[in-house]
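Okay, so here's the structure we're looking at.
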Amino acid sequence: MRQSMTGFASGQGSAGRYRWTWEIRSVNARGLDLRLRVPDWIEGLETALRACLGKAVKRGNITLNLRLQADEGAAPQQLNADQLDATLTALAEVETRAMDRGITLAPATATGILALRGILDNSTTDTDTAGLRDTLEADFIPVLKSFCAMREAEGEALQSILTAQIDQIKLLTGEAETLGEVRRKDMAARMKTALSRALDNTDGADPDRVAQELALIAVKADVTEELDRLHAHVAAARDLLASDGPVGRRLDFLTQEFNREANTLSSKAQFQPLTRVGLDLKTVIDQMREQVQNVE
C-alpha cells in the first residue's frame, strides 16, 4: 500500500494511577528521522517504541509525544529519611541557639515535623516499571495503526494524482511526436529556402558543403531521442507506482529526468506549437515533483 509521508494520530489511555496521552505526527524528509519524547524513567519504553515505528514507516520526520500523569492522591507516601535527619539536626541546632539566648521554644511534635515540606514524598515513579511499559506498548499499537491508516489514505490520493499526471505527460509526449512530423516538413522547406538563398549570395560556395551544414543543423534539432526517453520514463514511473514498498526517492529522481528531457525538447523546438507542448510538459512535471515530495 502506497504511503504518504504526512500523517497524524492521537490517543488516550489509563491504568492504575496513571493517565496518558499519545500524539504522533509526520512530515516529509529525505530519510527516516524519529524524534520521541517519552518518560525516560520507564526502562526500555523508548527502544520498544522506536522498533515499532521503524517497522511501520520507512521515510519521514516522525515526532511522537507521550504525556504521562500520575494521580498524586493515590500515590503511596514514603518517609524521606535523609530529609528527616537533616530537619531534626536543624531543629536541634535551633533549640540549642535559642536556649543560649534564654529563649524557650514550644516543643516540636511528630505531626508538625511530618507536615514539613520534603519529609513525606508522594512517589511519582515506580521501582519496577516493566508492567507500565508493557501496558503503554500495547496501548500504542492502535494509535500507530491509526497513524499508518492516515498515511495510507493520503498515499492513495497521491497515487491517483500522480497517475493522472503521468497520463498527461504521455498525452503531451504523443502530441509532441505528431508536431515533430509537422515540424520536420516545415524545417525541410525552410532549409531548402535557406540553401537556395545561400547559394544565390555566396560566390564559389560548395553546394555539397552547404547541404552538409544544413543537414548537421537538422540533426542537432532532432527531438526523437528526447521523445523516446520521455516514453521510457513514463513506463518506468508507472512501474514504480505499481510496485510495493517505498518509491518516493526513485520517483523524485525520475521527475528530474523528465524535466531534463522537457527542457531539451523546448530548447530544440524552433517551432511554436512544439515549444508550447514543451512548456506544458514542464508545468505538469513541476506539479508532479511537488506531489512526489510527500511519497514515502
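The values are calculated or read from the model by the stated rules, or taken from the named source; none is laboratory data. Predicted, not measured: the structure shown is a model, and the values here were computed from it. Here the Cβ is made from the backbone with ideal geometry for all residues, glycine too, and neighbour counts use every protein chain on show.
Considering only residues in the stretch 109-146 that are among the basic types (K, R) and modelled with pLDDT of 90 or more, the one that is farthest from A48 (Cα to Cα) turns out to be K145.
Taken over the stretch 153-174, the residue count meeting the criterion of being touching a residue at least 12 places away in the same chain (Cβ under 8 Å) and either touching a strand residue (DSSP E or B) at 6+ places or on another chain (Cβ under 7 Å) or closer than 14 Å to L241 by Cα (or both) is 11.
Consider the stretch 91-113 and keep the residues that are surrounded by 10 or more Cβ atoms within 10 Å (Cβ to Cβ) and either within 60 Å of the chain's Cα centre (by Cα) or of a type in the set (F, W, Y) (or both). The one that is farthest from L79 (Cα to Cα) is G112. Got a sec? Which of A106, A75, A51 is of a type outside the set (K, R) and at pLDDT 85 or above? Only one candidate qualifies: A51. One residue stands out in the stretch 146-179 among those that are small (G, A, S) and crowded, with 20+ Cβ neighbours inside 10 Å: the one that is nearest to T275 (Cα to Cα), namely A176.
Checked against the criteria, R37 counts as surrounded by fewer than 16 Cβ atoms within 10 Å (Cβ to Cβ), modelled with pLDDT of 95 or more and among the basic types (K, R). If you check T21, T6, T87 for being out of contact with any strand residue (DSSP E or B) (no Cβ under 9 Å at 6 or more places or on another chain) and surrounded by 13 or more Cβ atoms within 10 Å (Cβ to Cβ), only one passes: T87.
With a cut-off of at least 1 residues that are modelled with pLDDT of 90 or more, aliphatic (A, V, I, L, M) and surrounded by 12 or more Cβ atoms within 10 Å (Cβ to Cβ), name the helices (runs of 4 or more DSSP H) lying wholly within the stretch 180-296.
The qualifying helices (runs of 4 or more DSSP H) are 224-242, 248-268, 272-292.
Screening S10 against (1) of a type in the set (S, T, Y); (2) closer than 29 Å to G245 by Cα; (3) in contact with a Lys or Arg (Cβ under 8 Å, 6 or more places away or on another chain) leaves a single unmet condition, (3).
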